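Q: First the structure, then my questions, so here it is.
The values are calculated or read from the model by the stated rules, or taken from the named source; none is laboratory data. As the structure is a prediction and not an experimental result, all values here were calculated from the model. For neighbour counting, all protein chains shown are included, and Cβ atoms are generated from backbone atoms with ideal geometry for every residue, glycine included.
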């Protein structure tokens, strides 16, 4: 679990620097009086909000492994370990290493770029009319096709299939026969193929299966795999999800589209404003292609 905290803590220590002097924490390590303070590590302080911030970024399946108290103690231990090691790194001057500074700057910029996206997201407003229009224009997306559940028996010859059909019509149990004689892997489950919609099976098989009524057994059906007997177990008709059922999904889709458009427009404006220049010779060195005379061209948009 501690490994799952590593990336989060790296951002926290670089960007947030959630530390204050001990005197601001309202006590000493042996007696903290401020209820918002969870721990004091030297001159650093860990607040309850810091722990909650980490939890907000932690996958739910990890959180479920612990009780709320145990989980927060694990996070706190992660903070303590991080802060102690970071303190020692500063003490040894590691934070002044140029490569380290470069990496820290990258983490900060990465975080700030994400925060900029969040700011753009906050400005998005969608009305009911936009959501309803999207629903009408994309109605087919919210249709659930008709599905059936069927069993089948697969054999190599038409003659054998007709013999089995006579047995079934004389009262033999379809599932037991399928388990005993079918050459399909589904034999282990009595020929059960589960639920499927049109377009999933061999056309001839599918046509025969969907034409059956519940409990009905087909005539012999020939496909590219051999000869089948099919029994329809159940049917679920096609249905359309209502606007209320998909409203949240549509809103998220539209928000994502609007956000991407806003980001693209902002990037385009910033590209012109800041003057982005790329050394194409850098890429030619890896492709074996000769560099252009200038060696520099404007960059295409990043993916």
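Q: Going through segment 139-156 one residue at a time, which ones are touching a helix residue (DSSP H, G or I) at 6+ places or on another chain (Cβ under 9 Å) and touching a residue at least 40 places away in the same chain (Cβ under 8 Å)? Let's see the steps before the verdict.
A: Step one: of segment 139-156, the residues touching a helix residue (DSSP H, G or I) at 6+ places or on another chain (Cβ under 9 Å) are 141-142, 146, 148, 150-155.
142, 146, 148, 150, 151, 152, 153, 154, 155 - these are the residues of segment 139-156 that are touching a helix residue (DSSP H, G or I) at 6+ places or on another chain (Cβ under 9 Å) and touching a residue at least 40 places away in the same chain (Cβ under 8 Å).
Q: Would you mention how many residues in segment 163-181 are touching a residue at least 24 places away in the same chain (Cβ under 8 Å), surrounded by 13 or more Cβ atoms within 10 Å (Cβ to Cβ) and either farther than 20 Å from residue 202 by Cα or not assigned by TED's automatic domain parsing to the domain that holds residue 194 (or both)?
A: Counting residues in segment 163-181 that are touching a residue at least 24 places away in the same chain (Cβ under 8 Å), surrounded by 13 or more Cβ atoms within 10 Å (Cβ to Cβ) and either farther than 20 Å from residue 202 by Cα or not assigned by TED's automatic domain parsing to the domain that holds residue 194 (or both) gives 7.
Q: Return the only residue of 265, 280, 233 being surrounded by 11 or more Cβ atoms within 10 Å (Cβ to Cβ), in the same structural domain as residue 165 (by TED's automatic domain parsing) and more than 24 Å from residue 138 (Cα to Cα).
A: Unique residue meeting the criteria: 233.
Q: Need the failing condition index for residue 82 against (1) touching a strand residue (DSSP E or B) at 6+ places or on another chain (Cβ under 9 Å); (2) touching a residue at least 40 places away in the same chain (Cβ under 8 Å), just the number.
A: (1)
Q: Which of the numbered conditions does residue 207 fail, given that it passes all the others? Conditions: (1) closer than 30 Å to residue 131 by Cβ; (2) in the same structural domain as residue 166 (by TED's automatic domain parsing); (3) at pLDDT 95 or above.
A: Unmet condition: (1).
Q: Condition first: in a loop (DSSP other than H, G, I, E, B) and modelled with pLDDT of 95 or more. Can you find one or more residues in segment 220-234 that meet it?
A: Yes, segment 220-234 has at least one match.
Q: Filtering segment 116-133 down to residues that are under 21 Å from residue 265 (Cβ atoms) and surrounded by 11 or more Cβ atoms within 10 Å (Cβ to Cβ), which residue is farthest from the chain's Cα centre (by Cα)?
A: 130
Q: Out of 80, 62, I need the residue that is assigned to a helix (DSSP H, G or I) and more than 25 Å from the chain's Cα centre (by Cα). Which one?
A: When all the criteria are applied, what remains is 80.
Q: Which condition number in (1) part of a helix (DSSP H, G or I); (2) within 30 Å of residue 227 (Cα to Cα) is the one that residue 172 fails?
A: (1)
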